[in-house]
Amino acid sequence: MHHALWQSVLGEEVMDTQESIDFAKKYLEDLLSFFGVNTAVEATCEEDVIELIVPSTEFNSVLIGRNAETLRSMQYTISTTLRNKNAALTRVNLDIAGYKKQRAEKVAEQAREWIEEVRRTGDSHVADLNAADRRIVHRIADEYDDIRTFSEGEGRDRRIIIAQKSS
């Protein structure tokens, strides 16, 4: 007991990688039970990010929420709790019923259309997207040698610009 106490006082890691993943999984399952959802959560780790996957249930729309606000709030809560517990891993990616995966596919498809339009017209395209969606567009644009992307603006007003590389 004293050892763990001293670790936390000294600010050393108290929860290792596996403990962080197990904690996040259990925490989310407890959180879901408040919504009356008793389901097993799949928890893995990829590149220091805890991936939490909630299978599809009749509660999908409630758990995801309008514009995925509930999903993002749960993800934020789990991440903050891990940080407060001095966990080895604190970054969390929560997906419910494949919502984010489908959304990412839609954004990627939209990005390809914008890129084709930029190639055709030579005009840059500006899009108002959240950070996660901007990352998807940057990733897709990397596949094109003649296209560059950059973000500008601050906070909520941050936008992504898709442009042709000047030859």
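Think of the stretch 48-167 as having a plus end and a minus end, set by charges on the Cβ of Lys, Arg, Asp and Glu; of 131, 63, 99, 63 sits farthest toward the positive end of this dipole.
Within the full protein context, the accessible area of residue 46 is estimated at about 110 Å² for a probe radius of 1.4 Å.
Helical content of the chain, expressed as a calculated mean residue ellipticity at 222 nm, amounts to -15500 deg cm²/dmol (DSSP H runs of 4 or more residues, -39,500 (n - 2.57) each, divided by residue number, nearest 500).
For Kirkwood radius over Cα pairs in Å, the candidate list reads (1) 19.4; (2) 18.2; (3) 17.0; the entry that matches the value derived from this model is (2). Remark: the stretch 9-60 is approximated by an ellipsoid whose semi-axes, taken from the C-alpha gyration tensor as √(5λ), come to 25, 13, 7 Å, largest first. Think of the chain as a dipole: +1 on every Lys or Arg Cβ, -1 on every Asp or Glu Cβ, centred on the Cα centre; then among 37, 115, 27, 115 lies furthest on the positive end.
Counting Lys and Arg as +1 and Asp and Glu as -1, each charge on the Cβ, what is the dipole of the stretch 75-167 about the Cα centre in debye, to the nearest 20? Kindly include the intermediate steps, with their values, before the conclusion.
Details: 18 positive and 16 negative charges, 119 e Å.
With Lys and Arg at +1 and Asp and Glu at -1, about 580 debye.
Taking the solvent-accessible surface of protein heavy atoms with a 1.4 Å probe, what is the per residue accessible area of the chain in Å²?
64 Å²
Ignoring ligands, DNA and RNA, please state the percent of accessible area on the chain from carbon and sulfur, probe 1.4 Å. Carbon and sulfur together cover 47 percent of it.
Ranking 54, 74, 153 by Cα position along the charge dipole of the chain, where only Lys, Arg, Asp and Glu carry charges on their C-beta atoms, puts 153 farthest toward the positive end. Quick check: Cα centre of the stretch 18-75 to Cα centre of the stretch 97-132, how many Å? Centre-to-centre distance over Cα atoms comes out at 26 Å. Of 121, 39, the order by accessible heavy-atom surface (1.4 Å probe, DNA, RNA and ligands excluded), from most exposed downward, is 121, 39.
To the nearest 20 Debye, how big is the dipole of the chain about its Cα centre, given +1 on the beta carbon of each Lys and Arg and -1 on that of each Asp and Glu? Dipole magnitude for the chain comes out near 420 debye.
The values are calculated or read from the model by the stated rules, or taken from the named source; none is laboratory data. This structure is a prediction, so every number in the text was calculated from the model and none was measured. Positions of Cβ are generated from backbone atoms using ideal geometry, with glycine treated the same way; all protein chains shown enter the neighbour counts. Protein only, heavy atoms only, side chains kept; ligands, DNA and RNA dropped before computing areas. Shrake-Rupley method; radii C 1.70, N 1.55, O 1.52, S 1.80 Å.
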